[in-house]
1. Among the residues of segment 136-150, write down those that are part of a loop (DSSP other than H, G, I, E, B), touching a strand residue (DSSP E or B) at 6+ places or on another chain (Cβ under 8 Å) and within 18 Å of residue 179 (Cα to Cα).
2. Scan segment 431-463 for residues that are touching a residue at least 40 places away in the same chain (Cβ under 8 Å), assigned to a helix (DSSP H, G or I) and under 17 Å from residue 175 (Cα atoms) and report the count.
3. Please work out if residue 67 is outside any helix (DSSP H, G or I) and more than 31 Å from the chain's Cα centre (by Cα).
4. Looking at 138, 116, which one is farther than 29 Å from residue 65 by Cβ, assigned by TED's automatic domain parsing to the domain that holds residue 50 and surrounded by 15 or more Cβ atoms within 10 Å (Cβ to Cβ)?
5. Those residues that are at pLDDT 85 or above, farther than 22 Å from residue 415 by Cβ and surrounded by fewer than 19 Cβ atoms within 10 Å (Cβ to Cβ), I need them from segment 311-330; list them, please.
6. Can you name every residue in segment 47-63 that is surrounded by 14 or more Cβ atoms within 10 Å (Cβ to Cβ) and either touching a strand residue (DSSP E or B) at 6+ places or on another chain (Cβ under 7 Å) or without any contact (Cβ under 8 Å) to a residue 12 or more places away in the chain (or both)?
7. Check off (1) within 30 Å of residue 191 (Cβ to Cβ); (2) part of a loop (DSSP other than H, G, I, E, B) for residue 95 and give me the number that stays unchecked.
8. Residue 472 is checked against (1) part of a helix (DSSP H, G or I); (2) at pLDDT 90 or above and fails just one. What number does that condition carry?
């Protein structure tokens, strides 16, 4: 018999600002369950999680937490202001039987000392401290609202591994597809005020959601056709004396009422980028650029060429210098050495994910128009700001809403709306996926795939990079940056390890990557080469030449800037084949070199 649930919400209802947010929402969390809570921005996911945590009381319905069960909740914006240090904040969340040493150890694992002043923390540091606070007690139930926000890739991978090893039941809200796919085993979809349950993880969710919406559309179409048929019957008269006809008329009225009450899926966001004239074939060229702050080297003799149509992803740990590198590549920061050249006719639009450019007192309308106008110009055509707002799922009543009152997801959509309204042939996006719901992410990816210009994007979202990037620029530490063909998964395949295996402070500059054949063993002194060795020494040069030819052909194939957009599967297959060819070539070269050294040592 299955154990009783640890936490349940039954028929929860809540009205905010006169508008129902939920009407009949349910949630059940069993011991050890890994559940993701998904839904559009504004559907009430965070509010439902706060109700589950006991921080908000619902207007109707019931909440039940098993007596003695421990629960911890991670909000999107944790408040540390009541505590002097990060250690004080984490220890305050421990239970009476919990070991304070665990709090200190977790902070150290997350890159904090525990002595940080809570009033001067960055967003990433605050998020790490909040994670340590909820993970230290190892509660029975964990409620996590966007746990990967403000984290870099090494921290996300650390968190994923840590959560996978816990016995706690979890409810997770996240925009990070890969994170949800790796951790969840069931899904609750919050849609138009009610919840739907899927007994499989997020990997199966999107296909299931599309089937559900398609079936709903079919049902509504059947109702529409039946209403038309019944209205046709009604036009030919109904005899009021017959009870059967009276019942039929009553059913028609009820169908009409149900059709009026039906609310379809929330409108789709419409992403359209304002295009400038095409840039030259060369967009950015960097030759031997370097940058250091004090004794710390951020970029060390780095060279690259970004061509029209490239989609360059930049990844690395926080503090590795991603923003500094972007500023140098786009000409807003001069390098200490080397030079950067921008191509002809480059017009750049930037998405500032720090939101520093958003004045909280500015209204939504003025932020989009620049003030003093009711129109936004897109591709040379004037569009009324209210219509443009609706394209990004803002209501007309929000036109005069101060930016400071918008949710995180709404501010993210506003930043996108501002960036995409500027004419550009080079888009520079810094963490564009933060706070966006999954449907908006889908549409953003489609828009970027169709964008005719060039894209440079900083992101910690592995799935987003796999779908968008044609190459990934990776921080290898100590100012070294290497470029890999393909998306994040292709980078891991070619590199042989993920981001977590070599952080910004790790591998020394002198360290050379090992060849696929492994380290060269010391040559043993033998009187002569064996027949097999002589044969290999004769045939290996031809094999190496053949592999180099294959590598060159595959590289040319992958250099096509439009290949990924046309056929992502073929691009991924070619990337894997290139990695295999390079591995075989490295092993052949290593074997040939060992045999050559051995031949010389024995005087053969």
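1. Listed by number, the residues that qualify are 146, 147.
2. 9
3. Taking the combined requirement at face value, the residue satisfies it.
4. Matching residue, one of 138, 116: 116.
5. None - no residue of segment 311-330 is at pLDDT 85 or above, farther than 22 Å from residue 415 by Cβ and surrounded by fewer than 19 Cβ atoms within 10 Å (Cβ to Cβ), so the list stays empty.
6. Scanning segment 47-63 gives 47, 48, 49, 51, 52, 53, 58, 61, 63.
7. (1)
8. (1)
The values are calculated or read from the model by the stated rules, or taken from the named source; none is laboratory data. Remember, predicted model here, so these are calculated numbers, not experimental data. Here Cβ is always computed from backbone atoms with ideal geometry, including for glycine, and neighbour counts include all displayed protein chains.
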